[in-house]
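The values are calculated or read from the model by the stated rules, or taken from the named source; none is laboratory data. All values derive from a computational prediction rather than experimental measurement. Here the Cβ positions follow ideal geometry from the backbone for every residue, glycine too, while neighbour counts run over all protein chains shown. Protein only, heavy atoms only, side chains kept; ligands, DNA and RNA dropped before computing areas. Shrake-Rupley method; radii C 1.70, N 1.55, O 1.52, S 1.80 Å.
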Amino acid sequence: MSKKRKWDDDYVRYWFTCTTEVDGTQRPQCVLCNSIFSNADLRPSKLSDHFNRQHGGVGGHDLSSLKHMPTPSDQSETLKTFGVASHEDALLQASYQFAYLCAKEKNPHTIAEKLVKPCALEIAQIVLGPDAQKKLQQVPLSDDVIHSRIDEMSQDILQQVLEDIKASPLKVGIQLAETTDMGDCSQLMAFVRYIKEREIIEEFLFCEPLQLTMKGKDVFNLFRDFFLKHKIALDVCGSVCTDGASSMLAENSEFVACVKKEAPHIVITHCLLNPHDLVTKTLPTKLRDALFTVVRVINFIKGRAPNHRLFQAFFEEIGVEYSVLLFHTEMRWLSRGQILTHIFEMYEEINQFLHHQSSNLVDGFENKEFKVHLAYLADLFKHLNELSASMQRTGMNTVSAREKLSAFVRKFPFWLKRIEKRNFTNFPLLEEIIVSDNEAPSIAAEITLHLQQLSNFFHGYFSVGDLAEASKWILDPFLFNLDFVDDGYLMKTDLAELRASGQILMEFETMKLEDFWCAQFTVFPSLAKTALEILIPFATTYLCELGFSSLLHFKTKSRSCFNMSDDIRVAISKKVPRFSDIIEQKLQLQQKSLFSKLFKESSSQGQLSRETHIYFSIPATLQSFAGSSPWEAFEPTQV
């Protein structure tokens, strides 16, 4: 069997490219006439002979005659014409797919080169044989390659989102929050909600670092510059839901002032997800002291390594379920409710441990009044946890969130009436330890005062209330009483017509509220626009909180200097990269480099005449070759 010849990049000077058969055999193909030759012809003498004999060389050939050369119209054949074999295409596809999975699983880029590829090669060697191992060896999976692949996929995903934003028939909603990562760098994260076709889409927008200070103006500048960079007017935003420090993202902050100055129509809302801080601010002195005592106890146990080890050993010895305590923290995604419940359930064991360690916290911790206050706080924060959990989901709109808050606040009068009658049914842990009526009056008075203050704060801080009566048709246009709508209301006729349709009624009963109104955009545009303008704004920063959790996987102590903007977009975005477009663009760049090399070599060797200098304009996409001569993609320009 004769030895197979191999392709050399220098052969492009004769206007040949290479095709690869399934068995790996390489065959030369002429770019000008698409003739494919055998592997035995893969040598300079044969290629040069064909080039000079059939095409006369570039310098001595009439370029216009080459425009009539036939070419295949099929895209896959076009790629082969330019030396891109299916095998090489598969290698690129595999490389991109692995980089995509690497980002989705939030793994470091080096895992491919250091772990995955060596394992795959060993498996291929054992199971499939050396030929399969050689093929896998060609898949590019280096650290730099994975990084560049993720960057390209991120840009493609971002481009898809930006295209959707521009095509949205209504102004979009923005969710914005700030946090500090492991490297003490402040990160600003944003999500966007917009309409696409017949549904409301929630997508990741960006995660960018605040370079210097974290003032409201800095946040606004970063927010505005993102839209300016991508040539989108800030007017496309209809609402912004924020959370964070009052100086940055609160309702009366510098950020809000800048937004209102730049785009007055934007509605600013505050996250409704975190009522715990509000409850803490309204605590009476005794209840606040009880909460601080819990904090000091946890810090005493967890803040000192010897105490923590002794604490775990002590609980293992006595066979208690809880051996690890959460740190008390102001972080938004940790709840005080679980901490307080754990402390209450381990009260006796922790008291023994404090005695064993001769801690000065014993006096306050074993006080009877402290335990009563602890029970009330644990019960109250448990109710708040349930409220927060009911709003922690995607698709939560301001109408649904305010309904849940309103329902929670409406419980306060019933709780107050029961407490006045010494009925603590709504506070089971508190009811468990109050054993006599003598203990009830004092705690009942404190609870009554606190719940009254809390109710007032909820109404003032969150503007708790139902949707305006005239707008309640948005929630149910079929049961809504039209008498509440003024006769001069232009959409009253549309409402009456909508209610008369049995098919639309079936859609309302089977679809989500947001999807239902999106579906009516073509039939009743005025009604749909009014309804969706209320349903699109974000009610919470829940998506940002999820994003911050993902951020912890990317920014670790070993990757503290890592810029993860592209990785986190690929990891948490619902969009899937357009792999075929990305690979096609990559192949186009490779071919552009190839022809550039050919042109330079031809010029240096004098194959182009001195009188006429030809500049070749590489096509925008490889598809421009389909259905025409390959030469038509190059536009000769005489200088």
Find the Rg to Rh ratio for the range 1-57, where Rh is the Kirkwood radius over alpha-carbon pairs and Rg uses the same atoms.
0.95
Mind listing which GluC sites (Glu not before Pro) in the range 111-212 are in a DSSP loop and have 12 or fewer other Cβ atoms within 10 Å?
Glu197
Suppose R0 equals 45 Å. What FRET efficiency, 1/(1 + (r/R0)^6) with r the Cβ-Cβ distance, do Asp9 and Gln211 give to the nearest 0.05?
0.55
With every protein chain in place, the accessible area of Tyr489 for a 1.4 Å probe, in Å² rounded to the nearest 10, comes to 80 Å²
Given charges at beta-carbon only (K, R positive; D, E negative), |dipole| of the range 1-57 in Debye
160 debye
Would you kindly state how much longer the chain becomes between Ile111 and Arg53 on full extension, computed as 0.36 nm times their sequence separation minus their alpha carbon distance, in nm to one decimal?
15.6 nm
Collect residues whose amide H, placed 1.01 Å from N in the peptide plane, falls under 5 Å from the amide H of Leu210; neighbours closer than 5 in sequence don't count.
Ser186, Gln187, Leu188
Largest-first ordering by accessible area, 1.4 Å probe, given options Met491, Met391:
Met491, Met391
Within the accessible area of the range 470-536 (1.4 Å probe), percent carbon and sulfur:
55 percent
Amide H contacts under 5 Å for Cys241, placed H, 5+ residues apart:
Ile174, Gln175, Leu176, Thr269, Phe538
So, for the range 1-57, what is the accessible surface per residue at a probe of 1.4 Å, expressed in square angstrom?
56 Å²
Considering only protein heavy atoms, what per residue accessible area in square angstrom results for the range 370-438 with a 1.4 angstrom probe?
47 Å²
Heavy-atom accessible area per residue, the range 470-536, 1.4 Å probe: how many Å²?
54 Å²
In the range 339-447, what percent of the accessible surface is made up of carbon and sulfur (1.4 Å probe, ligands and nucleic acids excluded)?
47 percent
Any lysines whose Cα falls less than 21 Å from that of Lys492, other than same-chain ones fewer than 8 residues away, would be Lys472, Lys529
Mind giving me the nanometre distance, one decimal, between the label points for Cys185 and Phe484, set 7 Å out from Cα along Cα→Cβ?
5.1 nm
Excluding ligands, DNA and RNA, the carbon-plus-sulfur percentage of the accessible area of the range 112-187 with a 1.4 Å probe reads 55 percent
Sorted by packing (mean other beta-carbon atoms within 10 Å per residue), highest first, where do 292-303, 30-41 land?
292-303, 30-41
